[in-house]
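Remarks on the structure that follows.
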Amino acid sequence: MRTRYLKIDPLVPELHKIRLAARILARGGVVAFPTETVYGLGANALDGRAVRRIFRAKGRPADNPLIVHIASFQDVQELVAYLPPRATLLMQHFWPGPLTLIMPRSGIIPDEVTAGLATVGIRMPSHPVAQALIRAAHLPIAAPSANTSGRPSPTTGQHVLRDLRGKIDAVVDGGPATVGVESTVLDLTTPVPTILRPGGITYEDLQAVLGEVAIDPVVKGQQVEHPKAPGMKYKHYAPAGEVFLVTGDLDRVVARVRALVAAWQSRGRRVAVLATRETAPAYQAPPRPDYLEVLGSRRQPETIAANLFSALRNCERHHADIILAETFTEEGIGLAIMNRLRKSAANRIIRA
């Protein structure tokens, strides 16, 4: 398959390119496009055959549901069986933006989108390109992240091409994603609204609007026999090298990381380190890692979130066998950062 590459202005999307991508979607094609969180891999959410193409392209398990993306508040009504009272309040506060709401599905949503569940996840992205594409297609768009299943999510069009060139119809490249981690997923079918995946809208943000909010134990790395959402049981965000998290007091973490670099290099392994601006100078003296990635500043955790997936992919491009990552507070967007790091490391945690 030839994959079209459409470079587009993220602030003022060229209409002829948007219309071309929309026509591909309307005829059952699969198109990668930017959102404010990560790049999505979209198909007509009302066409089960088109949705199955997403799963084939990604190698995604069929029991892992997709999120439906819309461009207006009115679009919600036909996609849900009913609108929970809290949903309207959340939509007013956080849409468009990185918040997915789990609600009872309507009959027009095919089983391929929901993996046969009675619920559907819906969000309204804020990215101008995503908004323009959904409006031009006149369709709700089902879209997971536009990567090979299990790999770090893509935050640039080039990431998408590396994973999916020749497997999808088109990539709409609107520049780097700004949030860098996927949307927060909030289940509104539970007595207390429950975060199934943390993201750009934080626990604290939701608590300020709703009062009581729960966090699913899987989010913080606890193992449960029956995860609330099917996707919680699958491997995610993993580069080719093995990721290890090093946790504890920051000075002790830096010392332990340096010792681990020396130990693994002595065994002939290439070692990468994910550090921050505050700690990066400590890794400049021997034993130096084979590759050092500075994620951002601890005082600005949103920079760390924005760079995380790109950093994991960079470690892979530098042929790292071992990736050592510092850990972060779980306040604010730190909950999403640590959720992604734990999944990337398959809960391999070293205490300093």
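Tabulated values for the structure
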item	result
Listed candidates (1) 20.1, 62; (2) 46.9, 199; (3) 24.0, 73 - label of the one calculated as Rg and Dmax of the Cα atoms in Å	(1)
Segment ARG27-LYS167, length gained on full extension (0.36 nm per residue, minus Cα span)	48.8 nm
Dimensionless Rg over Rh [the stretch 145-202; C-alpha; Kirkwood]	1.10
Contour excess over end-to-end distance, with Cα ends at HIS16 and ASP249 and 0.36 nm allotted per residue	78.5 nm
Estimated distance in nm for a label pair at HIS138 and ASP75, the labels positioned 7 Å out from Cα along Cα-to-Cβ	1.4
Crossing angle, helix 250-266 versus the chain [Cα axis fit, 0-90 degrees, rounded to tens]	80
TYR283, TYR82, reordered so the largest accessible area comes first (probe 1.4 Å)	TYR82, TYR283
Nonlocal amide H pairs with ARG4, under 5 Å, H built at 1.01 Å	ALA170, VAL171
Length gained when the stretch ILE215-THR329 is fully extended (0.36 nm per residue, less Cα-Cα span)	39.4 nm
Angle in degrees between helix 15-26 and the longest Cα principal axis of the chain, rounded to the nearest 10	80
Cα gyration tensor category, rounded, prolate or oblate, for the stretch 17-156 with a/c compared to 1.5	rounded
Choice from VAL254, VAL181, VAL113 showing the highest fluctuation, given a GNM over the chain with Cα pairs closer than 10 Å	VAL254
Set LYS17/LYS58; LYS17/LYS167; LYS7/LYS167; LYS17/LYS343 screened for pairs whose C-alpha atoms are more than 27 Å apart	LYS17/LYS343
Whole-angstrom Cα spans of the stretch 27-80 along principal axes, big to small	32, 24, 24
The chain, helix-only ellipticity at 222 nm - DSSP H runs n ≥ 4, -39,500 (n - 2.57), divided by all residues, nearest 500	-9500 deg cm²/dmol
Spacing of the two label points (7 Å from each Cα toward its C-beta) at ALA262 and ARG2, in nm	5.7
Cβ charges +1 (Lys, Arg) and -1 (Asp, Glu), total dipole of the chain, debye	1280
Reachable aspartates and glutamates, given that their alpha-carbon falls under 15 Å from the alpha-carbon of LYS220 and they are not under 8 places away in the same chain	GLU330, GLU331
ILE108-HIS319 FRET efficiency (beta carbon distance; Förster radius 41 Å; 0.05 resolution)	0.30
Pairwise Cα inverse-distance average, inverted: Kirkwood Rh of the stretch 238-352 (Å)	13.7
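The values are calculated or read from the model by the stated rules, or taken from the named source; none is laboratory data. The structure displayed is predicted, hence computed values, not measured ones. Every residue, glycine as well, gets a Cβ built from its backbone with ideal geometry; the counts of neighbours run over all protein chains shown. All accessible areas refer to the heavy atoms of the entire protein, side chains included, with ligands and DNA or RNA removed. Shrake-Rupley method; radii C 1.70, N 1.55, O 1.52, S 1.80 Å.
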